[in-house]
1. Could you check how many residues of the stretch 23-58 are more than 30 Å from residue 1 (Cβ to Cβ) and part of a loop (DSSP other than H, G, I, E, B)?
2. Return the residue satisfying two criteria in turn: it lies in the stretch 24-43 and is modelled with pLDDT under 85 and surrounded by 11 or more Cβ atoms within 10 Å (Cβ to Cβ), and of such residues it is farthest from the chain's Cα centre (by Cα).
3. Just wondering, is there one or more residues in the stretch 44-56 that are over 16 Å from the mean Cα position of the chain (by Cα) and modelled with pLDDT of 85 or more?
4. Filter the stretch 1-22 down to the residues that are free of Cβ contacts under 8 Å to residues at least 24 places away in the same chain and assigned to a helix (DSSP H, G or I), then identify the one that is surrounded by the fewest Cβ atoms within 10 Å (Cβ to Cβ).
5. Which residue is surrounded by the most Cβ atoms within 10 Å (Cβ to Cβ), if the candidates are limited to the stretch 59-75 and must be assigned to a helix (DSSP H, G or I) and either modelled with pLDDT under 85 or under 14 Å from the mean Cα position of the chain (by Cα) (or both)?
């Protein structure tokens with residue numbers, strides 16, 4: 001469960017903005033045969049979501065692993081503090 005939450009956080013906070021930046025690049029053609037059509041503009045965010053989810057679900061994506069490690073440490077620290085206060 002922690003792995004999934006960390007993957008979702010990384011996908012939303014880092015991967016999706018990176019993909020959006022790539023789509024908004026000034027190097028991308030604005031007109032002509034290689035410009036994004038209406039369907040691509042409409043469905044690209046859905047495809048980006050799939051890409052982001054697959055990237056973060058891949059085995060040992062370093063950023064997700066770091067977030068999981070940090071959240072585990074924080075969780076252990078908080079649960080230890082709760083027991084000490086009781």
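The values are calculated or read from the model by the stated rules, or taken from the named source; none is laboratory data. Quick caveat: nothing in here was measured; it's all calculated off a predicted structure. Neighbour counts are summed over all protein chains in view; Cβ atoms, including those assigned to glycine, are modelled from backbone coordinates with ideal geometry.
1. Total meeting the criteria: 14.
2. Across the stretch 24-43, the extreme among qualifying residues is 35.
3. To start, the set of residues in the stretch 44-56 that are over 16 Å from the mean Cα position of the chain (by Cα) comprises none.
So far as the stretch 44-56 goes, no, none of its residues is over 16 Å from the mean Cα position of the chain (by Cα) and modelled with pLDDT of 85 or more.
4. Taking the stretch 1-22 first, the residues free of Cβ contacts under 8 Å to residues at least 24 places away in the same chain are 1, 4, 13, 17-18, 21-22.
If we keep only those that are assigned to a helix (DSSP H, G or I) as well, we get 4, 13, 17-18, 21-22.
Details: 4: 13, 13: 11, 17: 12, 18: 11, 21: 9, 22: 11.
My answer is 21.
5. Here the residue is 64.
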